[in-house]
1. Defining a contact as two alpha carbons under 8 Å apart and six or more residues distant in sequence, what relative contact order in percent does the stretch 368-433 show?
2. Give me the one-decimal nm value for the distance between modelled label points at Tyr269 and Asp122, 7 Å along each residue's Cα-to-Cβ direction.
3. If the chain between Val353 and Lys527 were fully stretched, how many nm would it gain, using 0.36 nm times the residue separation less the Cα-Cα distance?
4. If you take the C-alpha gyration tensor of the stretch 238-358, multiply each eigenvalue by 5 and take the square root, what semi-axes do you get, largest first, in whole Å?
5. Among Ala198, Ile149, Gly32, which residue has its Cα positioned farthest towards the positive end of the charge dipole of the chain, with +1 placed on the Cβ of Lys and Arg, -1 on the Cβ of Asp and Glu, and the dipole taken about the Cα centre?
6. Report the equivalent ellipsoid semi-axes for the chain in whole Å, largest first, defined as the square roots of five times the eigenvalues of the gyration tensor built from alpha carbon atoms.
7. Report the GluC sites (Glu not before Pro) located in the stretch 185-293 that are in a DSSP loop and have at most 15 other Cβ atoms inside 10 Å of their Cβ, or state none.
8. Give me the number: length gained by fully extending Ala515 to Ala174, i.e. 0.36 nm times residue separation minus the C-alpha to C-alpha distance, one decimal in nm.
Amino acid sequence: MTYLVNDPKKFGNDSLSGLVAAHGDYLQQVHGGVVRSTASPDGEVALVIGGGSGHYPAFAGWVGPGMAHGAVCGNIFASPSASQVKAVSKASDNGGGVILMFGNYAGDCLHFGEARDELVADGHDVRIVTISDDIASNTPENHLDRRGIAGDLPVVKVTGAAIAEGADINAAEAVARKANDRTRSLGVAFTGCTLPGADEPLFTVPEGKFALGLGIHGEPGISTHDMCSAEELGALLVDGILAEEPERGQDGYEGRVAVLLNGLGATKYEELFVLYGSVAADLEARGLTIVSPVVGEQVTSLDMAGVSLTLMFLDSQLERLWLAGSDTPAFRTGNVEHQEHRTDVFDDDEAKVTFTVGSPESAAQGRVIASIFGVVERECIAAEPSLGKLDSIAGDGDHGQGMVLGAVAAGKAARDAQAEGAGAKSLLDEAGKAWSEGAGGTSGALWGSALRTVAAQLSNEDAVESTRVGLAVVAGARNIAQFGGAKPGDKTMVDATEPFATELESQLANGSDLATAWTAAAAVATKAAEETADLAARKGRARTHGDASLGHPDPGAVSFALLMSKIAEVL
């Protein structure tokens, strides 16, 4: 468990602030994460990495000369919000464009993608490269749809080195994609990890067993095996990765590999060295040459006991970049010339909030909306333990926490907007932004986008009549499928949002008042959410463990139906 905690909900921010205090020579804190405290050449490409917290040294520990220019830091195991990605990207930009790099997770793809689109619209050259090294999470032919785990380190390292050599954004992006294509990882867990403030781990591994194919967000492995010797475990990991080794003598690959043996947080260095001895001997026996191996903690999962093995299959370019100098708080190689410190102070426009004052009628409607957010906030807080437990069955166990963070942030934004006399449209739009910012993760992106879709159909000049409000909510509910890309049957929130939208629209078309229509739609959503227990997951982190969720409803569908039912009572 985590012993040193103030407020568990602020653990990630508190940890980040302490990291910056300890490493001010490398880092300065900005809205949403950190950037280099040292200056970069004008016109240099900026490499911005990121994801959820709880993985240190990833990602903030890799910011410095020769590696990343900035890191966006979300909540524990949750992707950062689009506004955080934008802020860190703007603070990192040197005029040569920005490469956004992160593990291939749904929430990260949504938030980083939204930020990329907004930055491009503002005139920035921004590219996205997702890391997908985990062989346990998909088939070889679907390599680019795998999740990113410890392979983040070598991909970030060689991309940062290419940029330091002077590569422009096209060349740096090409290196990044080649590095990802040449990187494979496989991991095992001996215990689960425990979220700060929680009393029990997200999952447990039976005594005398280990879980193969773990995720780094507290997801359990895809299969359980009897505990074995370090030598046997090393052979299992090596066998798994080398099943996808490129053909030697082709495309510049001659059997030279970069190796990372990564500790997940609670496996001691002495144990890692025992295992590495077996791994190194096995690789060498197979005719492979190891280049500058790394043994230690680089991508952790809080206090999880476990290890992962990563190989990057090198050609001459990748090897040169792997060996190039870098200097960050957590990873150093070779020699890096002295870097002057930045003198600019970044002022983030994304963190500033302005409200549009509404007419008396619109402001009155805004007060009603703010009161509903108060109810949503209380309901999410009450449901947090049960939603988290449900999410831990096949996911990372943070859905309850994410809903609380989003609802609390949205509720505060709504109250602040109400105090300023904001119109209904402006109030709801700010609440949507705040939900996305506060929660991060997939659900944060979806709820934020849905709320802003509803807001777009309201007004700051007039109070919108109830049928139009209902139809705006229909559009918001349907936006969740459009924005997230899921469809009914995938075992996601969409299995509740789509039936809710259909029933609400039908009820309104038949002349029902909003309260009656909403109540009927909430009942349909509740039944649909319960029926997801019969489905196997086909989207998100639960996809890899889809069968494990059989018999249990989807947490996103459950939380949506729960809140719609509570709002029906209010109406």
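The values are calculated or read from the model by the stated rules, or taken from the named source; none is laboratory data. Because the structure is predicted, anything quoted here is derived from the model rather than measured. Every residue, glycine as well, gets a Cβ built from its backbone with ideal geometry; the counts of neighbours run over all protein chains shown. Note: areas computed on protein heavy atoms with side chains; ligands, DNA, RNA excluded. Shrake-Rupley method; radii C 1.70, N 1.55, O 1.52, S 1.80 Å.
1. Taking the mean separation of contacting Cα pairs over the length of the stretch 368-433, I get 34 percent.
2. Going by the 7 Å Cα→Cβ label model, 4.1 nm.
3. Net length gain for the segment: 58.8 nm.
4. The equivalent ellipsoid of the stretch 238-358 has semi-axes of 37, 21, 17 Å.
5. Result: Ala198.
6. 42, 28, 20
7. Glu207, Glu244, Glu247, Glu254
8. 117.3 nm
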